[in-house]
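Each remark here refers to the structure printed beneath this line.
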Amino acid sequence: MNENKKTYILGVESSCDDTSAAVVGDGGLLLSNVIASQQVHEEYGGVVPELASRAHQQNIVPVVDAAIRRAGISRGDISAIAFTRGPGLIGSLLVGTSFAKGLSLALRAPIVDVNHLHGHVLAHFIKEKESDEVPPFPYLCLLISGGNSQIILVRSYKDMEVLGRTIDDAAGEAFDKCAKVMGLPYPGGPHIDRLAAEGDPKAFHFARPHIRGLDYSFSGLKTSFLYTLRDAVRANPDFIEERRADLAASLQYTIIDILLDKLKRAIDITGVKALAIGGGVAANSGVRDAVEKLCNSRGVRAFIPQRKFTTDNAAMVAVAGYFKYLDGDFCPYDATPYARVNI
């Protein structure tokens with residue numbers, strides 16, 4: 001690796017239904033981040049894997065081309081190509097993996113495989129300007145999304161330990177499934193967040209799990225929410241419409257309370273002085289406010305990401321790939337994507 005040559009990492013993200021490409025330079029400085037979202041899934045109330053992979057095939061070339069142009073570089077300047085290898089939808093991952101390998105061979109640039117969960121954890125190292133602060137090691141990361149709810153001790157870019165994880169459903173899934181029962185559009189999380197601002201967070205009481213250690217559980221909460229609606233609708237068919245804001249606020253309050261209960265314990269156990277959040281649920285207003293208040297009360301520095309870096313994006317893939325590139329940790333061409341994997 002030529003130490004005098006500038007480093008440019010192209011990141012490619014295709015784990016679910018967003019096709020994204022980004023370019024980061026030296027120090028993780030973000031030069032471009034392009035995302036093409038798929039609207040086709042809204043009418044189905046969830047992501048349809050076959051439709052997602054087909055849309056990735058259509059979007060990936062123009063998205064990557066736009067990312068390179070917006071970064072102000074040429075294809076020949078690319079030092080390495082980082083791609084999401086998993087976890088995610090296998091059909092969608094195959095599109096990104098195959099594209100990265102093909103472009104790598106064409107440009108004679110190495111490929112770097114990125115764990116999607118590592119990307120969310122390291123999203124805090126994306127810099128839009130040189131002076132942007134990043135979390136000091138070690139720090140705790142609360143990773144909360146549609147598929148994951150984990151408390152992670154991050155000792156370095158490549159040394160991460162999961163202290164607690166969901167034993168069933170994830171927090172994001174609880175938001176989306178309960179929103180669907182209420183008749184809200186997909187994805188339901190943002191709609192719950194909006195309605196919660198207008199409702200009473202203590203209007204309804206839902207079941208809270210009693211799980212040992214730092215693990216989470218949200219299946220009981222979903223069941224409790226469903227039964228509450230079922231019984232109330234029997235007595236009043238207009239119940240959901242009349243109490244939608246209160247239901248949303250109470251649901252959000254309960255999920256946040258569950259998340260923070262274990263997070264407080266993790267802070268006490270580890271003694272860390274910095275806490276970050278990541279993943280799609282980290283965009284939730286209530287979560288962001290609650291985490292910031294918790295950190296202020298415990299004398300811990302809070303790192304709350306910009307909302308555009310909480311959902312799936314290639315900037316986080318590129319910055320995670322950047323650190324692997326510096327270590328010379330490249331990916332062989334016979335590597336295949338994986339649908340499931342631990343942090």
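The values are calculated or read from the model by the stated rules, or taken from the named source; none is laboratory data. The structure presented is a predicted model; accordingly, all values stated were derived computationally and were not measured. All Cβ positions, glycine included, derive from the backbone under ideal geometry; neighbour counts span all protein chains shown. Keep in mind that these areas ignore ligands, DNA and RNA; they rest on the heavy atoms of the full protein, side chains included. Shrake-Rupley method; radii C 1.70, N 1.55, O 1.52, S 1.80 Å.
Looking at (1) surrounded by 22 or more Cβ atoms within 10 Å (Cβ to Cβ); (2) more than 21 Å from Phe309 (Cβ to Cβ), find the lone condition where Val154 falls short.
(2)
So if I check each of Ser98, Ser53, Ser37, Ser74, which one is more than 25 Å from Asp329 (Cβ to Cβ), of a type in the set (Gly, Ala, Ser) and free of Cβ contacts under 8 Å to residues at least 12 places away in the same chain?
Ser74
Give the number of residues within the range 300-314 that are of a type outside the set (D, E, K, R) and under 17 Å from Gly88 (Cα atoms). First the steps, then the outcome.
Of the range 300-314, the ones of a type outside the set (D, E, K, R) are 300, 302-306, 309-311, 313-314.
Subsequent filtering for residues that are under 17 Å from Gly88 (Cα atoms) retains 310-311, 313-314.
Qualifying residue count, the range 300-314: 4.
Under 22 Å from Val47 (Cβ atoms), open to solvent by less than 40 Å² (accessible area, probe 1.4 Å) and touching a Leu at 6+ places or on another chain (Cβ under 6 Å) - does that describe any residue in the range 177-188?
yes
Looking at the range 47-79, which of its residues are under 30 Å from Cys178 (Cα atoms) and surrounded by fewer than 14 Cβ atoms within 10 Å (Cβ to Cβ)?
Answer for the range 47-79, where residues must be under 30 Å from Cys178 (Cα atoms) and surrounded by fewer than 14 Cβ atoms within 10 Å (Cβ to Cβ): just Glu50.
Are any of the residues in the range 307-321 aliphatic (A, V, I, L, M) and open to solvent by 60 Å² or more (accessible area, probe 1.4 Å)?
Scanning the range 307-321 turns up no residue that is aliphatic (A, V, I, L, M) and open to solvent by 60 Å² or more (accessible area, probe 1.4 Å).
Restricting attention to the range 277-288, does a residue exist that is of a type in the set (A, V, I, L, M, F, W, C), open to solvent by less than 10 Å² (accessible area, probe 1.4 Å) and farther than 22 Å from Val34 by Cβ? Walk me through it before giving the result.
Kept after step one, since they are of a type in the set (A, V, I, L, M, F, W, C), are these residues of the range 277-288: 277, 281-283, 287.
Subset that is open to solvent by less than 10 Å² (accessible area, probe 1.4 Å): 277, 282, 287.
Keeping just the survivors that are farther than 22 Å from Val34 by Cβ gives 277, 287.
Yes - at least one qualifying residue is present in the range 277-288.
Considering only residues that are in contact with a Phe, Trp or Tyr (Cβ under 8 Å, 6 or more places away or on another chain) and not in a strand (DSSP E or B), look in the range 31-48 and name the one that is modelled with the lowest pLDDT. Walk me through it before giving the result.
Here is the first cut: in the range 31-48, the ones in contact with a Phe, Trp or Tyr (Cβ under 8 Å, 6 or more places away or on another chain) are 31, 41-42, 44-46.
When the remaining residues are screened for being not in a strand (DSSP E or B), the result is 41-42, 44-46.
On the way: His41: 47, Glu42: 61, Tyr44: 53, Gly45: 63, Gly46: 67.
The qualifying residue modelled with the lowest pLDDT is His41.
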